[in-house]
1. Let me cross-check residue 277: its accessible surface, 1.4 Å probe, with only protein heavy atoms counted, in Å² to the nearest 10?
2. Quick check on the stretch 137-206: take the gyration tensor over C-alpha atoms, sort the square-rooted eigenvalues as a ≥ b ≥ c, and tell me if it's rounded (a/c under 1.5), prolate or oblate.
3. How much accessible area does residue 211 have with a 1.4 Å probe, in Å² rounded to the nearest 10?
4. Among 118, 431, 113, what's the order by accessible area (1.4 angstrom probe), most exposed first?
5. To one decimal place, what orientation-averaged projected area in nm² is obtained for the convex hull of the Cα set of the chain?
6. Taking the Cα atoms of the stretch 1-142, what is the range of coordinates along each of the three principal axes, in descending order and whole Å?
7. Ranked from the most accessible area to the least, with a 1.4 Å probe and all protein chains present, what is the order of 75, 286?
8. At a 1.4 Å probe radius, carbon and sulfur cover how many percent of the accessible area of the stretch 1-147?
Amino acid sequence: MQLYNTLSAEERAELIDQAGKQRLTLSFYAYAKIEDPKKFRDDLFIEWNKLDALGRTYVAKEGINAQMSVPAENLEAFRETLEAYEFMRNIRLNVAVEHDDHSFLKLTVKVRDKIVADGLNDDTFDVTNIGVHLKAKEFNEILEDPNTIVVDFRNHYESEIGHFKGAITPDVETFRESLPIINEQLQDFKEDKNLVMYCTGGIRCEKASAYFKHQGFKNVFQLEGGIINYAKQIKEENLESKFIGKNFVFDHRLGERITDDIVSQCHQCGKPCDNHTNCENVGCHLLFIQCDECKEAMQNCCSNECLDIINLPLVEQVKLRKGIQVGNKVFRKGKSDKLPFKHSGELSDTPLAVATTPTKIRQRIKIKKTLLGKAEHYFVKAQVALFVIENNELQVGDTILISGPTTGNEQLVLEKMLVNGIEKTIAQAGDKVTFEVPFRVRLSDTLYKILK
């Protein structure tokens, strides 16, 4: 019984490309009382794994929060796995505005204390006593009411690239920070103002609306389905978008465009830009906005210090980041004084530029490659790696890529190799090959051939 991933992200991406089938990126959540989150988690993993569903899901005693990538042909079967549970009958699936077959490359289902960390320890707080849900048309109408206060319950790096006009955009890094800040800021408006809130998919507002009702606010509203559902509705109903810019999303895309307005700047040069990236230095991995020109000049790094580090030998890079927590912290939210054009807190509603039709990011940066095999051993003193060829053919003169979570991505031209202990120029599936490698290879590493 499989309860965890057995393939790496690189292997999964290769299989997705080979399958050539459309995948849908979607999200959903539900607050409910779950008695045994661990069993619930295991049951979901087993069923979703059968459907080739990928994504990031959190379950807790208070409910479920999921962002998923599902083969389009399996969507109804996936929905059936949800509706097997009473509290997810007729659940709304927020389907992404833009699709990317590689939005998620692993299936992760984790048990957490809460599906949305709120920092609250109040047993009298009822998370199910929520505010009034508003559809896109109703949301637009209430924004026109001068008696309305609209609050963005996302974090600074989300609101910076796109937000509703006139919204309060707290300068926070976590949802839990925003609750007391907004509560204090709006103390004098509990009785007579419309407190209207929004977030990405609705889950944070669901909890926030219940919290503010608990705090005594009388007129509490939330955008049903968040920005994702709003974008879908304004398109279907031909409504004006009160949201300007991009909606930040928590997958490899890092954002989907709602309007052509660019409201943020490249954090390095100040040019209008709303493309997030992560620093190439694995020991940093800072999330920041970077234009294509700076991306090329800085080799995807956030600073000259990080640029110097990525050009060091791999063994030196590993020494420098020893003890630093990295790994899966892809969405590191920290700010840096090395980014002169970073903005957060009170944001402008004035666009800086109009977006042009972009080349898909994967088309700009994707290396065309084919999977060959996996590492079986590394002889430290001789600096020789042993790989088992599982697919395709390897020849002397090929440019190869050795990739792994610790090794990173290392390219080299194969000048000489031994095939099953004998020097040859061609290796095929089933062969064991050894060749010199100027860096350490690990058993988690995968071997690819770069296609020209």
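1. 10 Å²
2. Since a/c reaches 1.5 but b/c is at least a/b, the shape of the stretch 137-206 is classed as oblate.
3. 20 Å²
4. Details: 118 10, 431 35, 113 145 Å².
The ranking, largest first, comes out as 113, 431, 118.
5. With the hull built on Cα positions only, its mean projection is 23.8 nm².
6. 51, 40, 27
7. Most to least solvent-accessible, the answer reads 75, 286.
8. Of all accessible area on the stretch 1-147, carbon and sulfur atoms account for 48 percent.
The values are calculated or read from the model by the stated rules, or taken from the named source; none is laboratory data. If you're wondering where the values come from, they're calculated on a predicted model, not measured in any experiment. Cβ sites come from the backbone with ideal geometry, for glycine too, and all protein chains shown count toward neighbours. Please note that ligands, DNA and RNA were not included when accessible areas were found on the heavy atoms of the full protein model with its side chains. Shrake-Rupley method; radii C 1.70, N 1.55, O 1.52, S 1.80 Å.
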